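Visitor: Let me begin by handing over the structure; questions about it come next.
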Amino acid sequence: MTTALAPTRSLRIGPIELDAPVVLAPMAGITNTAFRRLCREYGAGLYVSEMITTRALVERNDTTMRLIRHHESETPRSIQLYGVDPATVEAAVRMIVAEDHADHIDLNFGCPVPKVTRRGGGAALPWKLTLFRQIVERAVRAAGDLPLTIKMRKGIDADHLTYLEAGRIAEGAGVASIALHARTASEFYSGHADWSAITKLKETVTSVPVLGNGDIWSAGDAVRMMDETGCDGVVVGRGCLGRPWLFGDLARALGRPGAATGEPVDATLGFVARAFRRHAELLVEFFEDEGRGCRDIRKHVAWYFKGYPVGGELRASLATASTLAEIDDLLATMELDAPYPGEAAEGQRGRAGSPKRPALPDGWLDSREIGDDAGRALADAELHHSGG
Ligand SMILES: Cc1cc2nc3c(=O)[nH]c(=O)nc-3n(C[C@H](O)[C@H](O)[C@H](O)COP(=O)(O)O)c2cc1C
């Protein structure tokens with residue numbers, strides 16, 4: 001009699017073998033080295049940097065040079081780039097390789113922000129097939145042995161979908177995996193991600209892993225996405241805001257035995273308070289500035305304590321604390337043995353928003369090619385980028 005082995009859902013992205021098919025979604029202003037380290041302490045997978053604009057990188061902008069740094073505990077190192085000009089993207093990739101800044105590079109084609117799409121950047125770019133192909137091909141070539149991947153949305157709007165063509169082009173160009181946030185730019189973060197698009201992409205792209213993204217709020221959602229769509233891995237963004245331990249749950253649910261480092265989480269308020277404190281301390285280390293780190297943790301307060309018995313006054317005080325000692329004093333006043341509140345702590349968190357008509361350059365949708373005169377406006381798209 002043969003015994004069926006439990007599937008081990010590891011994921012290979014080029015030469016990188018991950019113990020769990022899980023990727024931390026790049027999030028501007030969030031997935032700095034502090035947050036990536038924290039998530040990694042609980043789980044397994046790939047933890048991608050926040051988006052770096054290629055122009056700022058090749059110009060060696062101070063903030064950008066800080067953002068591409070990794071802690072020595074971070075391996076494999078992963079950087080997401082955003083660029084609209086093939087030559088600049090190529091130069092940025094070459095620089096990362098030559099100076100050994102990363103083990104993996106992802107390219108972002110998913111930003112829905114009107115001031116970016118209005119200039120033809122972000123999720124508007126794959127509409128222009130030749131430009132998209134040039135960027136991806138030159139980036140893959142420049143990356144050499146480093147795996148280069150892309151992340152994109154379904155398209156501009158329901159009438160202008162780009163993901164299947166873009167997926168084929170990227171596969172042909174030699175990318176190591178393709179991630180799809182299953183919304184159009186016009187949907188922004190509203191409604192529900194359309195996981196059936198992930199199924200279609202998986203049927204279309206057959207030689208490299210397809211990763212699904214959108215609306216994974218729990219490990220159960222991740223299992224369901226993989227089962228329903230057949231995707232090879234999941235990319236998790238907002239679901240881990242204020243819940244870095246979700247990566248432990250994900251590794252236990254999807255990874256190889258032993259992929260998660262900690263015990264299953266019993267998220268009492270004390271447990272959450274310790275994670276919050278650790279996050280604050282890692283931010284202080286990242287910014288090399290206690291005040292700056294304590295200011296940056298403020299945006300995470302509501303996410304960490306969602307559903308927990310933490311009063312408005314205490315939340316407000318946490319959002320004004322400027323030293324770790326003040327944070328410690330405030331956390332010590334909490335009912336630390338309060339149990340996990342269940343439903344109240346679950347579900348959607350982070351950006352939501354309503355659908356918007358996509359802002360595009362004049363005549364953008366008239367053809368799938370781009371005229372030379374569009375080049376300058378497009379380059380401006382890089383200056384106004386704020387994430388995906
Ligand atoms: C605050 C924030 C910043 C983001 N920044 C980026 C980014 O820099 N690059 C990117 O490709 N996507 C970015 N995204 C999109 C996420 O990577 C992800 O595709 C999206 O949130 C959907 O996944 P989710 O439902 O798991 O959150 C951002 C999302 C949020 C909420």
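The values are calculated or read from the model by the stated rules, or taken from the named source; none is laboratory data. Note that this is a predicted model, so its numbers are computed, not measured. Note: ideal-geometry Cβ built from the backbone for every residue, glycine included; neighbour counts use all protein chains shown. Heavy atoms of the whole protein, side chains included, go into the accessibility calculation; ligands, DNA and RNA do not. Shrake-Rupley method; radii C 1.70, N 1.55, O 1.52, S 1.80 Å.
Visitor: Between residues in the range 167-184 that are over 21 Å from residue 214 (Cα atoms) and residues that are small (Gly, Ala, Ser), which pairs lie under 7 Å by C-beta distance while being six or more apart or on different chains?
Guide: What qualifies is 171/207.
Visitor: Further question: Within the range 69-91, count every residue that is in contact with a strand residue (DSSP E or B) (Cβ under 8 Å, 6 or more places away or on another chain) and within 16 Å of the ligand (Cβ to nearest atom).
Guide: Selection size over the range 69-91: 7.
Visitor: A further question follows. If you take the residues in the range 15-35 that are more than 16 Å from the ligand (Cβ to nearest atom) and surrounded by fewer than 20 Cβ atoms within 10 Å (Cβ to Cβ), which one is farthest from the chain's Cα centre (by Cα)?
Guide: Applying the filter and picking the extreme gives 15.
Visitor: Please verify whether residue 250 is assigned to a helix (DSSP H, G or I) and touching a strand residue (DSSP E or B) at 6+ places or on another chain (Cβ under 6 Å), treating the condition exactly as stated.
Guide: For residue 250, the condition - assigned to a helix (DSSP H, G or I) and touching a strand residue (DSSP E or B) at 6+ places or on another chain (Cβ under 6 Å) - is met.
Visitor: Tell me the residue from 38, 57 that is touching a residue at least 12 places away in the same chain (Cβ under 8 Å), away from the ligand (no atom under 15 Å from the Cβ), assigned to a helix (DSSP H, G or I) and open to solvent by less than 10 Å² (accessible area, probe 1.4 Å), please.
Guide: It is 38.
Visitor: Same structure again: Restricting to the range 69-98, what's the tally of residues that are assigned to a loop (DSSP other than H, G, I, E, B) and either surrounded by fewer than 22 Cβ atoms within 10 Å (Cβ to Cβ) or of a type outside the set (Val, Ile, Thr) (or both)?
Guide: Residues that pass the stated criteria total 11.
Visitor: Being crowded, with 16+ Cβ neighbours inside 10 Å, outside any helix (DSSP H, G or I) and among the β-branched types (Val, Ile, Thr) is the filter here, so list the residues in the range 296-337 that pass it.
Guide: Matches in the range 296-337: 310 only.
Visitor: If residue 31 passes every condition in (1) within 28 Å of residue 255 (Cβ to Cβ); (2) in contact (Cβ under 8 Å) with a residue 24 or more places away in the chain but one, which one does it miss?
Guide: (2)
Visitor: Another question about this same structure. Which residues, counting only those in the range 103-145, are assigned to a loop (DSSP other than H, G, I, E, B), crowded, with 23+ Cβ neighbours inside 10 Å and either within 16 Å of the ligand (Cβ to nearest atom) or on the phi < 0 side of the Ramachandran plot (or both)?
Guide: 110, 111, 112, 119, 121
Visitor: Sticking with this structure for a sec: For the range 212-230, how many residues are touching a Phe, Trp or Tyr at 6+ places or on another chain (Cβ under 7 Å) and of a type in the set (A, V, I, L, M)?
Guide: Counting residues in the range 212-230 that are touching a Phe, Trp or Tyr at 6+ places or on another chain (Cβ under 7 Å) and of a type in the set (A, V, I, L, M) gives 1.
Visitor: So, one more: Within the range 232-248, identify whether any single residue is within 16 Å of the ligand (Cβ to nearest atom), at pLDDT 95 or above and open to solvent by 40 Å² or more (accessible area, probe 1.4 Å), and answer yes or no.
Guide: no
Visitor: Looking at the range 255-272, is at least one residue farther than 23 Å from residue 9 by Cα, part of a helix (DSSP H, G or I) and among the aromatic types (Phe, Trp, Tyr)?
Guide: yes
Visitor: Could you identify the single residue in 169, 156, 198 that is at negative phi and part of a strand (DSSP E or B)?
Guide: Being at negative phi and part of a strand (DSSP E or B) holds for just one of 169, 156, 198, which is 156.
Visitor: Out of the residues in the range 199-227 that are open to solvent by less than 10 Å² (accessible area, probe 1.4 Å), in contact (Cβ under 8 Å) with a residue 40 or more places away in the chain and within 14 Å of the ligand (Cβ to nearest atom), which is nearest to residue 47 (Cα to Cα)?
Guide: Per the stated criteria, the residue is 211.
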